[in-house]
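Notes follow once the structure below has been shown.
Derivation of every value follows stated rules applied to the coordinates shown; laboratory data play no part. Because the structure is predicted, anything quoted here is derived from the model rather than measured. Note: ideal-geometry Cβ built from the backbone for every residue, glycine included; neighbour counts use all protein chains shown.
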Amino acid sequence: MAEIISMPQLSDTMEEGTVIKWNKKIGDKVSEGDIIAEIETDKATQDFEIDISGVLLFIGVQEGEKTCVNDILAIIGEKGEDISHLISESKSKEKQKHKIKEKEEKKNNKYPKYKENRIFISPLAKKMAKKIGISIKDIKKGSGENGRIIKRDIEYYEKTKFKLKEKEINQKISHSSMRKRIAKHLTFSKFSAPHYYLFSEINVDKLIKFRKKLNDKLSLEDKISFNDIIIKSVAQSLKKNPYMNVSWNEDQVILHSHIHIGVAVAVKDGLIVPVIRNADKKSLLQISKEIKDKVLRSKLKKIQPEEIENSTFTVSNLGMYGIESFTSIINIPNSSILSIGSIMKKPIIKDSKIEIGSIMKITLSCDHRIIDGAVGSSYIHSLRNFLEDPITILF
């Protein structure tokens, strides 16, 4: 008997998936354990393993297309079996489910869209605009009384802007599943967690020398980056300031017993945050190798969902792009995120003398519901001590 294979939920936040590649075609035999397709989720591209045997009778989503979780992906059954009723029933259920979902989303929308100001237009001008294909929203205000759009406004717009607009060809690119997830996650974070920011400058002269000494003793493939040292310092600072390593819950504060550092990585479709678990207990070399591996697999979309979950603190470093300083949106359920800027040469006062020093600007974004300014400031103080005297992170 034929069986419907639905789009699986391959990550905890996945709402839809895109079929990147089918490894089987209609009419092919499939066996339990076969990888029949590659599916892109909101986090990574994963192999989809089938758990039944039979013949692939129907493909519901073509390569490059996306569909919602639990929508029909394929049908597997016996050769020659009539599956028309399964297809029609499934499509009907999907339509009904999507209608219900749209109603719920409208009902639960916390951020209502405000109506645009009313546009006044004469009946003749409205008729002309419709005939020509002009949107009155593009004109907004006319030359008539109280900004009323009249005949001459339509004629002027047609002769000038509208004809110019017709020549413009804008490329439209559909949002990827990852981009949609990022937009939804960050919007929720920004509007639910009251952010505040702590800015600081750190003298990294000793950090530069420390890294050079380490790398002089290491092979090319084992070289330590500034980011590796920062991650280790961040973890050690959390150990000294446990009330920074927390998450907000409506009923309680979650004080994490482990220190898992998320490392923001830019990928083709947006941003992904692989996690270095128990970073405080790992050596610099272990952290360096793990980051290199996870960054590479993130960019190849080979990172596994469990490798980008359960962080307790996040670091975003744009120093390599020449960005001096910036603020980041907290990666909920974390309660803070550290933004790292580039290292820059600047005049500093040392022993009452002006010298040239290496300065790195950092910004700590905190959720004010759970982290007060004094707690955040204490954390930055610890972090500064580690980075200004980095040999101390080894003890």
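For the reader, a short list of remarks on this structure follows.
- Theoretical gain in end-to-end length, ASP205 to LEU300 [0.36 nm per residue, Cα-Cα removed]: 30.7 nm
- Here's the list of lysines a cross-link from LYS95 could span, going by alpha-carbon distance under 22 Å and ignoring same-chain residues fewer than 8 apart: LYS66, LYS103, LYS106, LYS107, LYS180.
- Prolate/oblate/rounded call for the chain, Cα gyration tensor, a/c under 1.5 rounded: oblate
- Scalar couplings 3J(HN,Hα) for the stretch 343-354, obtained by applying the Karplus form with A = 6.51, B = -1.76, C = 1.60 to θ = phi - 60°, are 8, 10, 7, 8, x, 10, 9, 9, 6, 6, 10, 8 Hz; x denotes Gly and Pro.
- Legend: residue pairs LYS232/LYS302; LYS43/LYS292; LYS91/LYS301; LYS21/LYS282, Cα-Cα distance threshold 27 Å; pairs beyond threshold, LYS91/LYS301; LYS21/LYS282.
- Amide H contacts for GLY262 (H built 1.01 Å from N in the peptide plane; partners 5 or more residues away or on another chain; cut-off under 5 Å): ILE276, THR312, PHE313, THR314, VAL315.
- Taking a ≥ b ≥ c as the square roots of the eigenvalues of the alpha-carbon gyration tensor, the stretch 3-103 is classed oblate because a/c is 1.5 or more while a/b is no larger than b/c.
- Shape of the stretch 260-338, Cα gyration tensor, a/c cut at 1.5: rounded
- Proximal lysines to LYS141, defined as alpha-carbon separation beneath 24 angstrom and excluding residues fewer than eight positions away on the same chain: LYS113, LYS115, LYS126, LYS127, LYS130, LYS131, LYS151, LYS159, LYS161, LYS163, LYS165, LYS167
- Low-density loop positions, trypsin sites (Lys or Arg not before Pro), the stretch 1-60 - DSSP coil, at most 10 other Cβ in 10 Å: LYS25
- Distance from the stretch 189-222 to the stretch 1-35 (C-alpha centre basis), Å: 43
- Residue separation of LYS99 and HIS195 scaled by 0.36 nm, minus their Cα-Cα distance, works out to 31.0 nm of gained length.
- Look at the dipole of the chain built from charges on Cβ: of PHE188, MET14, VAL55, the Cα furthest out on the positive end belongs to PHE188.
- Across the stretch 3-103, C-alpha contacts under 8 Å between residues 6 or more apart give a mean separation that, scaled by the residue count, equals a relative contact order of 30 percent.
- The stretch 310-357 and the stretch 360-395 have Cα centres separated by 11 Å.
- In a simple Cβ point-charge model (Lys, Arg +1; Asp, Glu -1; nothing else charged), the stretch 177-394 has a dipole of about 680 debye relative to its Cα centre.
- Only helical runs count toward this figure. For the chain, summing -39,500 (n - 2.57) over DSSP H runs of n ≥ 4 and dividing by all residues gives -10000 deg cm²/dmol at 222 nm.
- Model label zone, ILE87; criterion: amide N under 20 Å from point 7 Å along Cα-to-beta-carbon; scope the stretch 18-33: 19, 22-30
- The 3J(HN,Hα) values that the Karplus relation (6.51, -1.76, 1.60; θ = phi - 60°) gives for the stretch 45-57 are, in residue order, 9, 10, 6, 9, 9, 7, 10, 9, 10, x, 10, 6, 9 Hz. Gly and Pro appear as x.
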